[in-house]
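Following: one structure in structure tokens, then a few remarks.
The values are calculated or read from the model by the stated rules, or taken from the named source; none is laboratory data. No experiment lies behind these values; they were computed from the predicted model shown. With ideal geometry, Cβ positions are generated from the backbone for all residues, glycine too; neighbour counts draw on all protein chains shown.
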Amino acid sequence: MGVNTKVKKTFFCQSCGAQSDKWLGKCNSCNEWNTIVEEVVKKESKNDRLQLFTGNKNPNAKSNSPVLLQDVGLIEYPRLATPGKELSRVLGGGIVPGSLVLFGGEPGIGKSTLMLQLALRLKNLKILYVSGEESEQQIKMRAERIGVTTEMCYILQETNTQNIFQQIVEIQPELVIIDSIQTLHTSYVDSSPGSVSQVRECAAEFLRFAKETNTPVFMIGHITKEGTLAGPKVLEHMVDTVLQFEGDRNHVYRLLRATKNRFGSTNEMGIYEMNGDGLREVSNPSEILITNREQATSGVAISATMEGNRPMLIETQALVSTAAYGTPQRSSTGFDLRRLSMLLAVLEKRCGFRLGVKDVFINIAGGIRVEDPGIDLALVCAILSSNEDMPIPQNVCFAGEVGLTGEIRPVNRIEQRISEAEKLGFDKIIVSSFNLKGINVNSYKIKILNASKMEDVFALIFG
Ligand code: TYD
Ligand code: MG
């Protein structure tokens, strides 16, 4: 440390990033225990400041004056089209210039693969891929697997942000990818890479870089055991977009979602399939999510759901069996367990099915997690089908929410759901009676059946 350097020690909460002057057992901000850690923050003197994007404050920053909203001109920045439709849709229609995107996911899920694929396929753009995790050789090997070649993708193995910015000034890339933010460190903070103050400061430097040069930056971020992005919560506040890559590592399907997006909706979902040669886009998810069976099996029902603006047919599976020991088990993969309990209570109380003594297992095929309430009806039918051991005919699908009184509630975008079911060759779709307003039932080839109560549905399927 130089003569002019003041050393400052601060305590940071590793969970929420809150700062405090002394050590505490419990963080005052997020109430987590044992998360406060001491970190050394080096305060540099003004004259050793690199005139780049690094450091805490820009001493020469001009101050802005207020402008009337009506006088603010609307500038439509052309978005950069991504080579893949899935990523583009999740981002809200391409990459926004100057945007900072945080891309999180569990280790081994395919974050580096997706980003490298993006870098290789964006042909006309100069790209800098900064890797703090893997060597150039390893990245080369991955690029070989993906099998796309490009002349405009630079690989930089470096973890110091000052050095990275020096290279950026030299190369002038049009898109920067950081793999990963937790491996970087800036010379202006003394704590180790991955610590709260490092992650925050490095991200702040890239934020400044993105905004000042209008260059989009993608930062890969690690995920903690609990499934949240590692590092301070402020990281998520800083960036424009937070993308999550999820899926079961044992399944080949990967889901891309935006959990925050300043430039688009957070409802959209992208689906990928991990193959031997990288990630393939799944443009028609319904086909992969429904198993083709020779014979109808009990406990299976198909739901016409919506993921964002995209209709999707999903297979719901249920297994109901007599509880072997004491308390019956309820287990669910891909569906909210509390909502499952509610649906079971409705079936018990309103429809007289004695499921309280049964084990109930739910699975959404393909390792997908569904939040659309329109899946309720299919799920309930799958449960009853398994309970009665009566298969639901394979040409039937469902779209409806189930309310606490056992009524079938309408769902949004019903026409899109019906069209998708028709496209995939279903003969019948069962929807809520309240959904039929304004729909011309005769304009569809598929037969649209409707019900307003759970009891009516059974008659429709089995009756
Ligand atoms: P990776 O992108 O390294 O994951 P992350 O950066 O999120 O940690 O991907 C890791 C896994 O993907 C690894 O187990 C190998 C597998 N993979 C394939 O199956 N096919 C491929 O073409 C590639 C490049 C990786
Ligand atoms: Mg990686």
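Among the residues examined, Val239 qualifies as within 19 Å of the chain's Cα centre (by Cα), under 20 Å from Val130 (Cα atoms) and either in contact (Cβ under 8 Å) with a residue 24 or more places away in the chain or surrounded by 22 or more Cβ atoms within 10 Å (Cβ to Cβ) (or both). Is there a residue being surrounded by 24 or more Cβ atoms within 10 Å (Cβ to Cβ), touching a Lys or Arg at 6+ places or on another chain (Cβ under 9 Å) and within 19 Å of Gln317 (Cβ to Cβ) anywhere in the stretch 389-398? Yes. Scanning the stretch 354-369 for residues that are surrounded by fewer than 21 Cβ atoms within 10 Å (Cβ to Cβ) and closer than 21 Å to Arg413 by Cα gives a single hit, Arg369. If the condition is being within 15 Å of ligand 2 (Cβ to nearest atom) and either touching a Phe, Trp or Tyr at 6+ places or on another chain (Cβ under 8 Å) or part of a loop (DSSP other than H, G, I, E, B) (or both), then the stretch 110-122 contributes Gly110, Lys111, Leu114, Met115, Leu116, Leu118, Ala119. Residues of the stretch 93-139 being of a type in the set (S, T, N, Q) and under 22 Å from the mean Cα position of the chain (by Cα), which ones? Correct list: Ser99, Ser112, Thr113, Gln117. Within the stretch 292-309, the set of residues being over 30 Å from Met390 (Cα atoms) and crowded, with 18+ Cβ neighbours inside 10 Å comprises Gly308 only. If you go through the stretch 151-198 and pick out every residue that is part of a loop (DSSP other than H, G, I, E, B) and touching a strand residue (DSSP E or B) at 6+ places or on another chain (Cβ under 8 Å), you end up with 16. Considered as a group, the residues in the stretch 370-388 that are surrounded by fewer than 20 Cβ atoms within 10 Å (Cβ to Cβ) and charged (D, E, K, R) include one that is nearest to the chain's Cα centre (by Cα), and that residue is Glu371. Summed over the stretch 92-119, residues that are away from ligand 1 (no atom under 11 Å from the Cβ) and either at pLDDT 95 or above or touching a strand residue (DSSP E or B) at 6+ places or on another chain (Cβ under 9 Å) (or both) total 12. Look at the stretch 251-278: where a residue is in the same structural domain as Gly94 (by TED's automatic domain parsing) and within 14 Å of Leu91 (Cβ to Cβ) and a partner is in a loop (DSSP other than H, G, I, E, B) and of a type in the set (Asp, Glu), sitting 6+ places away or on another chain with Cβ atoms under 7 Å, you get Ala258/Glu268; Arg262/Asp240; Phe263/Asp240. Per this entry, Leu337 is counted among residues that are outside the structural domain of Arg145 (by TED's automatic domain parsing), of a type in the set (A, V, I, L, M, F, W, C), surrounded by fewer than 19 Cβ atoms within 10 Å (Cβ to Cβ) and closer than 30 Å to Thr241 by Cα.
Taking the criterion of being under 16 Å from Asp277 (Cβ atoms) and either surrounded by fewer than 14 Cβ atoms within 10 Å (Cβ to Cβ) or outside the structural domain of Glu174 (by TED's automatic domain parsing) (or both), the residues of the stretch 110-144 that qualify are Lys140, Met141, Glu144. When the stretch 78-109 is limited to residues that are farther than 19 Å from Lys260 by Cβ and without any contact (Cβ under 8 Å) to a residue 24 or more places away in the chain, the one that is nearest to ligand 2 (Cβ to nearest atom) turns out to be Ala81. Within the stretch 242-291, restricting attention to residues that are within 16 Å of ligand 2 (Cβ to nearest atom) and within 30 Å of Cys27 (Cα to Cα), the residue that is surrounded by the most Cβ atoms within 10 Å (Cβ to Cβ) is Leu243. Every listed requirement among (1) in a helix (DSSP H, G or I); (2) more than 16 Å from ligand 1 (Cβ to nearest atom); (3) surrounded by 12 or more Cβ atoms within 10 Å (Cβ to Cβ) is met by Gln70 save one, (3). Among the residues of the stretch 11-26, those identified as free of Cβ contacts under 8 Å to residues at least 24 places away in the same chain and of a type outside the set (Gly, Ala, Ser) are Gln19, Asp21, Lys22, Trp23, Leu24, Lys26. Among the residues making up the stretch 139-150, those that are in contact with a helix residue (DSSP H, G or I) (Cβ under 8 Å, 6 or more places away or on another chain) and assigned to a helix (DSSP H, G or I) are Ile139, Arg142, Ala143, Ile146. Name the residues in the stretch 123-156 that are of a type in the set (Asp, Glu), within 14 Å of ligand 2 (Cβ to nearest atom) and modelled with pLDDT of 90 or more, would you? Correct list: Glu134 only. Residues in the stretch 163-187 that are among the β-branched types (Val, Ile, Thr) and over 19 Å from Glu136 (Cα atoms) were compared, and the one that is farthest from ligand 1 (Cβ to nearest atom) is Val169. If a residue must be surrounded by 13 or more Cβ atoms within 10 Å (Cβ to Cβ), modelled with pLDDT of 60 or more and not charged (D, E, K, R), how many such residues does the stretch 25-53 contain? So the count comes out to 9.
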